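I have placed the structure first, in the form of structure tokens, so that the comments after it can refer back to it.
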Amino acid sequence: MTPSEYIILILFILLGLFSIIAAIGNMDWYFQTEGARFFVRYFGRTGARVFYVLLGLALIACGVAGFIYW
């Protein structure tokens, strides 16, 4: 793997952790962004938090799978 591929995989993992921390911490500034407001509008605040935890787990899984199978 090239160094840029490592950076991308690490970025996936870090963004996944960030998404999970923001969702669990119920951070207002995170859920008031334009992208998050879309999910809050359709799923409610709790549903959006669940979505972002699942998104974070998916990003982490992709990053880890990239390290294992790439």
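The values are calculated or read from the model by the stated rules, or taken from the named source; none is laboratory data. As the structure is a computational prediction, the values presented were derived from the model and not from experiment. In case anyone asks, the SASA skips ligands and DNA or RNA and just uses the protein heavy atoms, side chains included. Shrake-Rupley method; radii C 1.70, N 1.55, O 1.52, S 1.80 Å.
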task = Could you tell me what percent of the accessible area of the chain is made up of carbon and sulfur, with a 1.4 Å probe and every protein chain present?
result = 74 percent
query = With the other protein chains left in place, how much accessible area per residue, in square angstrom, belongs to the chain at a 1.4 angstrom probe?
reply = 68 Å²
Tilt relative to the chain, helix 3-24 - C-alpha long axis, 0 to 90 degrees, to 10 = 20 degrees
request  = For the chain, find the longest principal axis of its Cα atoms and tell me its angle to the long axis of helix 34-69, 0 to 90°, nearest 10.
outcome  = 10 degrees
note = Read-out Rg and Dmax of the Cα atoms in Å, candidates [x] 16.6, 58; [y] 13.7, 41; [z] 15.6, 48; calculated match is [y]
